[in-house]
1. Could you list, in sequence order, all residues of the range 126-170 that are free of Cβ contacts under 8 Å to residues at least 12 places away in the same chain and either assigned by TED's automatic domain parsing to the domain that holds D64 or on the phi > 0 side of the Ramachandran plot (or both)?
2. Just to verify a result, which residue in the range 182-240, among those that are closer than 17 Å to F258 by Cβ and basic (K, R), is surrounded by the most Cβ atoms within 10 Å (Cβ to Cβ)?
3. Are there any pairs with C-beta distances below 8 angstrom linking a residue in the range 47-58 that is of a type in the set (F, W, Y) to a residue that is outside any loop (DSSP other than H, G, I, E, B) and at pLDDT 75 or above, with the two at least 6 apart or on different chains, and if so which?
Amino acid sequence: MEEIFSKFTAEDVERYINVYAIPWAINIAMAVIIFVLGRIIVSVVMSMITKLMARSKYDQMLIDFLESIISAVLMLFVIVASLDQLGVNTTSLVAILGAAGLAIGLSLQDSLKNFAAGVMLLVFKPFKAGDFVEVAGTAGSVQKIGIFTSLLTTPDNKEIIIPNGKIYNDNITNYSAKETRRIDMVFGIGYDDDLLKAKRILEDIIEQEDRILEEPEPLIAVSELGDSSVNFNVRPWVNSADFWAVKYAITEAVKLRFDQEGISIPFPQMDVHFYKEDEEEEGKGNKEEQEKDKVKVKPQM
């Protein structure tokens, strides 16, 4: 070691300091300064973005996610600038990062599709937590809208997790979007029953139900002369929260009142008739009497 150091002269040391040490020290110092200043600038920018997003009506989950993405992208630029100051070939680094991002994107395309759909759901808000909706063939109350999936609870208290891609690419029915809803019911009576009497009974049932709204006015009208019944359309309007309770109450009241007033509600039934028939056997000289039971079914309502 002494022999090696003995070969270095003062001029060599001075040259190495001027050629290598000082430039590297300057580059490292500049890289640190760029990184520190970059972090400060990113913090200031993120603070401004946070204040702007706080004034928006976007979901807090979406705001937090967008802030993290923007912060990560800005910090990536700061890191690349710092490495470039150190002399690292950032062009190759960016190319490698781009290729890696493309490979990851291709392998996670379904997840990215769900992510994009989640962002669209949070931005456009076709429904919100607490709404009763029908999406992707499933009906239930929305518990949570996530970035990749949404959580629904069915009326029988089952939790169902649905990918956001399936939700956004299918029809969305939001039963809670409006404050009021119309109940569509059909009640049939027999052809021998008093039609006007049945209509008055239906009107009386609707008037006695306090939860039915006066406006829009309920509709009670003969809708069809069916094969075996005269059908009434009964369509009252209620608050969305009262929909099922009112529908169940009216259906029960109609059955009880029709029974009390002697109004029949047709239902499918069949009459079965038996008869005997004599037949001759072909290819025989004498006749033999054969009894066969045949059934003819006549539908009757």
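1. Within the range 126-170, just N157 meets the criteria.
2. So the residue we want is K199.
3. Hits for this filter: Y58/L122; Y58/V123.
Matching residues to (1) exposed (fewer than 12 other Cβ atoms within 10 Å of the Cβ); (2) out of contact with any His (no Cβ under 8 Å at 6 or more places or on another chain); (3) more than 30 Å from Q143 (Cα to Cα); (4) modelled with pLDDT of 70 or more:
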residue	(1), (2), (3), (4)
N27	no, yes, yes, yes
M30	no, yes, yes, yes
I40	yes, yes, yes, yes
V44	yes, yes, yes, yes
I49	no, yes, no, yes
R55	yes, yes, no, yes
Q60	yes, yes, no, no
S68	yes, yes, no, yes
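The values are calculated or read from the model by the stated rules, or taken from the named source; none is laboratory data. Remember, predicted model here, so these are calculated numbers, not experimental data. Don't worry about glycine lacking a Cβ; one is built from the backbone with ideal geometry, like all the others, and counts go over all protein chains shown.
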